[in-house]
């Protein structure tokens, strides 16, 4: 049994594509970049915004920060509320809490926005804390965020075997590998099996119930 379970937010707990895709589309349109294939904008789910604008679309530092401003103008007023839970997520959290697991959200989404999403979707009560970067963070390293979550919970590196990191993208899995903790890659989110396997996921699951089974040591 894992005593601690850390969850990514977007694509792991919530279907965040609706608000994120619209916000990204508006930000790119601000620079005259057309996005007819909106499915392509799902790659904004997971990485920090600066990375998405700078690396995916080649925007300069200055333009990347302007794109982030436009993105957040829409997202913080409307898009943040368009992130329903995946089916089975609330049951998963209830089961883990009932079994005595201590849980945290560890996300690349700015912490204040993650708090809004968790409260709006009715799951904030399950988590001892939410760890995410500050709004001005350019490229938050998820391994750093995991270590901060460990610090907040008083978990030493000697007890790393007690932690399970759950996420849907390689950012989550690679960070877990770097820190030296086990990870579960979920296929119901926005990643895919090759991505999760190549990143070194300890487990790959199809449903939230499978996360429960792994965390609690069930067959």
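Select from segment 79-92 the residues that are assigned to a helix (DSSP H, G or I) and touching a residue at least 60 places away in the same chain (Cβ under 8 Å) and write down the one among them that is surrounded by the fewest Cβ atoms within 10 Å (Cβ to Cβ). Step by step, filter segment 79-92, then rank; the result is 91. Scanning segment 161-180 for residues that are crowded, with 16+ Cβ neighbours inside 10 Å and either in a strand (DSSP E or B) or free of Cβ contacts under 8 Å to residues at least 40 places away in the same chain (or both) returns 163, 164, 165, 166, 167, 170, 173, 174, 175, 176, 177, 179.
Only residues that are in a loop (DSSP other than H, G, I, E, B) and surrounded by 15 or more Cβ atoms within 10 Å (Cβ to Cβ) were counted in segment 119-157, giving 9.
Rundown of residues vs (1) over 20 Å from residue 46 (Cα atoms); (2) at pLDDT below 95; (3) over 14 Å from the mean Cα position of the chain (by Cα); (4) surrounded by 15 or more Cβ atoms within 10 Å (Cβ to Cβ), yes/no style:
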site: 66; (1), (2), (3), (4): no, no, yes, yes
site: 76; (1), (2), (3), (4): no, yes, yes, yes
site: 105; (1), (2), (3), (4): no, no, no, yes
site: 117; (1), (2), (3), (4): no, no, no, yes
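Let me confirm something: among 88, 122, 19, 32, which residue is over 30 Å from residue 162 (Cβ atoms) and in contact with a helix residue (DSSP H, G or I) (Cβ under 8 Å, 6 or more places away or on another chain)? It is 19.
State yes or no: is residue 41 without any contact (Cβ under 8 Å) to a residue 24 or more places away in the chain, under 23 Å from residue 186 (Cβ atoms) and more than 14 Å from the chain's Cα centre (by Cα)? Yes: the conditions hold for residue 41.
Yes/no matrix, rows are residues, columns are (1) surrounded by fewer than 22 Cβ atoms within 10 Å (Cβ to Cβ); (2) under 30 Å from residue 151 (Cβ atoms):
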residue: 8; (1), (2): no, yes
residue: 13; (1), (2): no, yes
residue: 16; (1), (2): no, yes
residue: 29; (1), (2): yes, no
residue: 34; (1), (2): yes, no
residue: 37; (1), (2): yes, no
residue: 40; (1), (2): yes, no
residue: 49; (1), (2): no, yes
residue: 55; (1), (2): yes, yes
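Scanning segment 194-209 for residues that are touching a residue at least 24 places away in the same chain (Cβ under 8 Å) and either touching a helix residue (DSSP H, G or I) at 6+ places or on another chain (Cβ under 7 Å) or in a helix (DSSP H, G or I) (or both), we see that the one that is surrounded by the fewest Cβ atoms within 10 Å (Cβ to Cβ) is 198.
The values are calculated or read from the model by the stated rules, or taken from the named source; none is laboratory data. This is a predicted model, so every value here is computed, not measured. Please note: Cβ atoms are built from the backbone with ideal geometry, for glycine as well, and neighbour counts cover all protein chains shown.
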